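Read through the structure below, which is laid out as C-alpha cells, and then see the notes.
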Amino acid sequence: MGRIDLAQRRARLARRHQLTETAKAQSPADIARSLVGLHGTDPSTVHLAAAARMTKPDVASVERALYDERGMVRMLGMRRTVFVEALDVAPVVQASCTNAIAVTERRRLIQHLGQFAEGIDNPADWLADVEQSAYEALVARGEALGTELTADDPRLRTKLHYKEGDIAVVTRVLTVLAAEGRIMRGRPRGSWVSSQFRWAPVDRWFPDGMPQLPEAEARVDLVRRYLTGFGPATVADVKWWTGWNVGDVRRALAALDPVEVDLDGEPGIALAGDTEPDDTVINSEPINSEPINSEPINSEPMAEPWIALLPALDPTTMGWQRRHWYLGDHGPRLFDTNGNAGPTVWCDGRVVGGWAQRRDGEVVVRLFDDIGAEATAAVQAEAERLTGWLGAARVTPRFRTPLERELTA
C-alpha cells in the first residue's frame, strides 16, 4: 500500500482545484469540468467559485458560458443538489444520478397530489397531462418563468396543502420535467444573485436532446472524474459525494479497480497510476489540528503559497465527507447544522477562517489560526479585492453559518 501524505493531498487540491496563480483557468466550463460541477443551490456560489479560479474573473464570462454559449447547464445531480455542469459532463450526471432522482420526484409528486391537493381523482394521469401542457407552452414561448406558464395552464396553480402552508404545484411539475432532462434552468430574473430562473426546452443546450448513457457506465465515469479531481479519497467520501448506496459505489469502484493508499493512517483509494506527488508542494505543517502521526508529516518548504476566499457551498469545501485534513476543528463555526459550508478563508491547502459581506458591501474576515504576518496581509488584500469586485452586489448565503451571522451582525 502506497502512502499519500498531507503535503501531497494539499498540493493536489491546490493545483487540481485551480486555486494557485499558475493553475487558474480562463474558461468557466473548464473550471466546472475539473471540479465535476459547481454547486448551484446558491446562485452566487457559481460566480464566486468560478471567480476564485479564473485568471480574469468577471460575472459576464460566467453568464456568457451559461446563457449565450450554453457550454454549461444547471441541473439536479449528486445528493439531489443543483450543480452547474459542463455540457460534456451533464449526460454523465444525468445517467448516474438525475434519472433516479426523476423517478423519486415523480412518484412523490403523484403521492402528494393524491394526499394534499383537491379534486384530482387520478393523480398520475393528471400529472402526465399537465406536464405535457406545460412543456408545450414552454416550447411555444421559447423561455418562460413558472409564473408565466401558469397563465397558459391554470392547473399549474393547483395548491398542495401542507401543514407548513400551501404551495403551487408549478414548481414541482417543472422540477420533474427538469430531472427527466426535458427542460433546463435558463437565465435568472434579475441579477446573478437571483434564484428565480427562467426555463427553456433542453434542445437549447442539446439540439437532439440530452444524450442517454447506460447507467452503470455513467456511474463508473462519474467516480473516475471525482477521483481525478478529488483523489485520493476514502470510500466514505465517494459514497457521500455521489449520494449513492454502498452497492452502487462498490460496483463502480470494482470497474475502476483503484489502488489502496495510506492517508496518514486512514485507508484511502486513488486511481491506478495517480499516486505520484504533484509538482506543486506546499507547507504541510497542520495549524488547524494535530497531525495524525506523532512525527511531522512532511517538512518540505512551501512552494507557490496561495490564499483564497471561497464562497458558501464551494465544491472544494464540500468535496469530501472526511474533512479533518483541511478543515481541522473549525467545522462547527463554518458549517450549519445540516452540513452546508459557509464562506471560508483558505491558506496553502487548509481552512484558516471565514468571511462574510456586510450590508455596506465590505468583505470582512475572521482568522482562527496564526498564519503569519505575510499571509495575514495577503488575506486582507484578497478581502479588499473581493469587496471591489462585488461592487453593488450583496451576497447572503442561503444557508447561514454561525460565523457568517456573527460577522454580519
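The values are calculated or read from the model by the stated rules, or taken from the named source; none is laboratory data. Here the structure is a predicted model, which is why all the values come from computation and not from measurement. Note: ideal-geometry Cβ built from the backbone for every residue, glycine included; neighbour counts use all protein chains shown. Heads up: the accessible areas ignore ligands, DNA and RNA and are worked out on the full protein's heavy atoms, side chains in. Shrake-Rupley method; radii C 1.70, N 1.55, O 1.52, S 1.80 Å.
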- [ ] Working carefully through the options Q94, Q18, find the one that is at pLDDT 95 or above and open to solvent by less than 20 Å² (accessible area, probe 1.4 Å).
- [x] Q94
Open item on the list: I'm checking my understanding of the structure. Among residues of the stretch 366-409 that are part of a helix (DSSP H, G or I) and of a type in the set (S, T, Y), which one is nearest to N340 (Cα to Cα)?
Closed with: T408
Task: So E85, is it acidic (D, E) and buried (at least 21 other Cβ atoms within 10 Å of the Cβ) - done: yes
Open item on the list: Against the definition (open to solvent by 20 Å² or more (accessible area, probe 1.4 Å) and more than 18 Å from T316 (Cβ to Cβ)), how does A373 come out, yes or no?
Closed with: yes
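Which of the residues belonging to the stretch 6-23 are out of contact with any strand residue (DSSP E or B) (no Cβ under 6 Å at 6 or more places or on another chain) and more than 12 Å from G349 (Cβ to Cβ)?
Selection gives E21, T22, A23.
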TODO: May I ask you to list the residues in the stretch 188-207 that are more than 8 Å from P43 (Cβ to Cβ) and open to solvent by 50 Å² or more (accessible area, probe 1.4 Å)?
DONE: R189, G190, S191, Q196, R198, D203, R204, P207
TODO: Quick one: count up the residues across the stretch 242-274 that are open to solvent by 10 Å² or more (accessible area, probe 1.4 Å) and part of a helix (DSSP H, G or I).
DONE: 9
Open item on the list: I need the full set of residues from the stretch 14-70 which are under 20 Å from N340 (Cα atoms) and small (G, A, S), in order please.
Closed with: A32, G37, G40, S44, A49, A50, A52
Task: Qualifying residue in the stretch 77-87 (condition: small (G, A, S), out of contact with any Cys (no Cβ under 9 Å at 6 or more places or on another chain) and farther than 20 Å from R16 by Cβ) - done: no
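Out of the stretch 195-207, which residues are part of a loop (DSSP other than H, G, I, E, B) and modelled with pLDDT of 95 or more?
W205, F206, P207
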Task: Residue tally, condition out of contact with any strand residue (DSSP E or B) (no Cβ under 8 Å at 6 or more places or on another chain), in contact (Cβ under 8 Å) with a residue 40 or more places away in the chain and outside any helix (DSSP H, G or I), over the stretch 37-57 - done: 2
Task: Options A60, A7; residue that is of a type in the set (G, A, S), part of a helix (DSSP H, G or I), out of contact with any helix residue (DSSP H, G or I) (no Cβ under 8 Å at 6 or more places or on another chain) and open to solvent by 10 Å² or more (accessible area, probe 1.4 Å) - done: A60
- [ ] Name the single residue, out of those in the stretch 316-343 being free of Cβ contacts under 8 Å to residues at least 40 places away in the same chain and under 17 Å from R9 (Cβ atoms), that is surrounded by the most Cβ atoms within 10 Å (Cβ to Cβ).
- [x] T317
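Go through the stretch 211-241 and count every residue that is outside any helix (DSSP H, G or I) and in contact with a strand residue (DSSP E or B) (Cβ under 9 Å, 6 or more places away or on another chain). Show your work before the answer.
Quick first cut of the stretch 211-241, residues outside any helix (DSSP H, G or I) only: 211-214, 231-234.
When the remaining residues are screened for being in contact with a strand residue (DSSP E or B) (Cβ under 9 Å, 6 or more places away or on another chain), the result is 231-234.
Total meeting the criteria: 4.
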